[in-house]
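Here is the structure we will look at.
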Amino acid sequence: PSTSPSARPSTSPSARPSSSPSTSPSSFPSSSPSTSPSSLPSSSPSASPSISPSSTPSFSPSSSPSKHPTGSPSSSPSSSPSVSPSSSPSSSPSETPSSTPSVSLCSDTHNPFEYEDFNNGDVWSLGDPVSGSMQVCQAVNKTYEIPSKTMALKLTFDLIEHGISKVNISLGESIVYTADFNSAEQQYPDMVGVGYYMDIKVTTESKSADVTSFTFNIPAGWYNYTDRLNIGFEVMSGDCVSIDDIKLFGDCGNCIPVLDFSEGVENIDAPAVEVLDVTGTTVTFVASQVFSHLSLCEVAVLYDSALLDDLVCPLERSVPPGDIETYTAKCESDGFARVTIFVSDDRLVNSTNVVFPTKCLFIDSHDHIAQFSYRVPCSQSCSATTSVCSDGETILL
């Protein structure tokens, strides 16, 4: 062979390969791939992907995900969860449960999301199963999970007395009611009536000589930080009592009146208006005195009466806490009825920002007045469930 390269390349390839490789790469790539792979990998990636996939997987994962999913699942699970959920659910359940429970969401329904009748004998810790109810002789409590985005709760249960006893009913760490079955003077509210503990509306109804039904309307502030609510019963003195038919109902907010404007009294979570029934063009509601634990001089309710087809402003005097009256208003084209409650009492601050129409001019004091204006929803989902009694009377449930 020559001791130095020729001045220009030959016009045709040599008949056989050289005995040793050239000391430097050629200036241009060859027109076809080599027949066998090189013994060492290249020092840098190729400028474009290969036409077909490699026959064996790579030893380490790529630094970024592929643009398209693979044609078949991987043979083993990944070491960490995916960044985003899959577009469709898996076809079969997972082999092991998740480390944390799933969060249920509020769903508008007239059915309770929790119901305990104790008929199967399962009672709370320290409670005793007796005649299909839970007997309480000391202190019992239980924490319930509340569906996420629940805007208000309704708790109902029956309390059965077996003699002389005093019972504290608590929510969280607060005693919200004391039932004293050995006192001629019941704590407010009476055993048959309506009252308030802070912003919780408490309704009691005597079903028989020894059975009292309780209803607690609970605003979201009592549970929305943890989505949990602890309910407790404690016999402070006297005989044991029994608890039965514990039910928890959730309200997702679609049936809760919205307070658009208030003036003269500090805002409270419990609305003074509660929807009872909706027909589509009218809404029946109850107005309540939730503004003070004392009786107020005057309370007037301004609304568009479905019965009279006109704005009305009925007035009540010396109004104690609790329900005032039931009214039926016309729904407006936006799906709401407008209800404004005016409160007049000398103990209120002197407010000059309250403006009320001539319909309500019979209010005695024009200085110490508070105003609460609500949008009351007219959604059909807020319609009450009806039941026909044996005597043919139809009642709202």
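The values are calculated or read from the model by the stated rules, or taken from the named source; none is laboratory data. Predicted model only: the values in this text are computed from it and were never measured. Cβ: placed from backbone, ideal geometry, glycine included. Neighbour counts: every protein chain shown. Heavy atoms of the whole protein, side chains included, go into the accessibility calculation; ligands, DNA and RNA do not. Shrake-Rupley method; radii C 1.70, N 1.55, O 1.52, S 1.80 Å.
For segment 315-338, enumerate the residues that are open to solvent by less than 70 Å² (accessible area, probe 1.4 Å) and either outside any strand (DSSP E or B) or basic (Lys, Arg) (or both).
Those that are open to solvent by less than 70 Å² (accessible area, probe 1.4 Å) and either outside any strand (DSSP E or B) or basic (Lys, Arg) (or both): PRO320, PRO321, LYS330, CYS331, GLY335.
Going by the conditions given, is VAL312 surrounded by fewer than 20 Cβ atoms within 10 Å (Cβ to Cβ) and in contact with a helix residue (DSSP H, G or I) (Cβ under 7 Å, 6 or more places away or on another chain)?
Numbers: surrounded by fewer than 20 Cβ atoms within 10 Å (Cβ to Cβ): yes; in contact with a helix residue (DSSP H, G or I) (Cβ under 7 Å, 6 or more places away or on another chain): yes.
Yes.
Would you confirm whether any residue within segment 291-309 is more than 14 Å from VAL376 (Cα to Cα) and under 26 Å from the mean Cα position of the chain (by Cα)?
Yes, because at least one residue in segment 291-309 is more than 14 Å from VAL376 (Cα to Cα) and under 26 Å from the mean Cα position of the chain (by Cα).
For residues that are in a strand (DSSP E or B) and without any contact (Cβ under 8 Å) to a residue 60 or more places away in the chain, tally how many sit in segment 283-298.
Keep residues of segment 283-298 that are in a strand (DSSP E or B), which gives 283-289, 296-298.
Restricting the remaining residues to those that are without any contact (Cβ under 8 Å) to a residue 60 or more places away in the chain gives 284, 286-287, 289, 296.
Residues that pass the stated criteria total 5.
Which residues, taken from segment 371-394, are out of contact with any Phe, Trp or Tyr (no Cβ under 7 Å at 6 or more places or on another chain) and modelled with pLDDT of 85 or more?
Filtering segment 371-394 for residues out of contact with any Phe, Trp or Tyr (no Cβ under 7 Å at 6 or more places or on another chain) gives 372, 374, 379-394.
Scanning segment 371-394 gives PHE372, TYR374.
Tell me yes or no: at least one residue of segment 283-296 is over 25 Å from THR203 (Cα atoms) and open to solvent by less than 70 Å² (accessible area, probe 1.4 Å). First the steps, then the outcome.
Quick first cut of segment 283-296, residues over 25 Å from THR203 (Cα atoms) only: none.
Checked segment 283-296: no residue is over 25 Å from THR203 (Cα atoms) and open to solvent by less than 70 Å² (accessible area, probe 1.4 Å).
Condition (residue is modelled with pLDDT under 90 and either outside any strand (DSSP E or B) or in contact with a strand residue (DSSP E or B) (Cβ under 7 Å, 6 or more places away or on another chain) (or both)) applied to segment 223-230: is it met by at least one residue? Talk me through it step by step, then tell me what you get.
Step one: of segment 223-230, the residues modelled with pLDDT under 90 are 224-225.
Narrowing further to those that are either outside any strand (DSSP E or B) or in contact with a strand residue (DSSP E or B) (Cβ under 7 Å, 6 or more places away or on another chain) (or both): 224-225.
The answer is yes; a qualifying residue exists.
Looking only at residues that are of a type in the set (Gly, Ala, Ser) and open to solvent by 30 Å² or more (accessible area, probe 1.4 Å) in segment 164-180, which one is farthest from TYR115 (Cα to Cα)? Quick ask: steps written out before the conclusion?
In the first step, residues of segment 164-180 are kept if they are of a type in the set (Gly, Ala, Ser); the result is 165, 170, 172, 174, 179.
Still in the running and open to solvent by 30 Å² or more (accessible area, probe 1.4 Å): 172, 174.
Values: GLY172: 19, SER174: 23 Å.
Ranking the candidates gives SER174 first.
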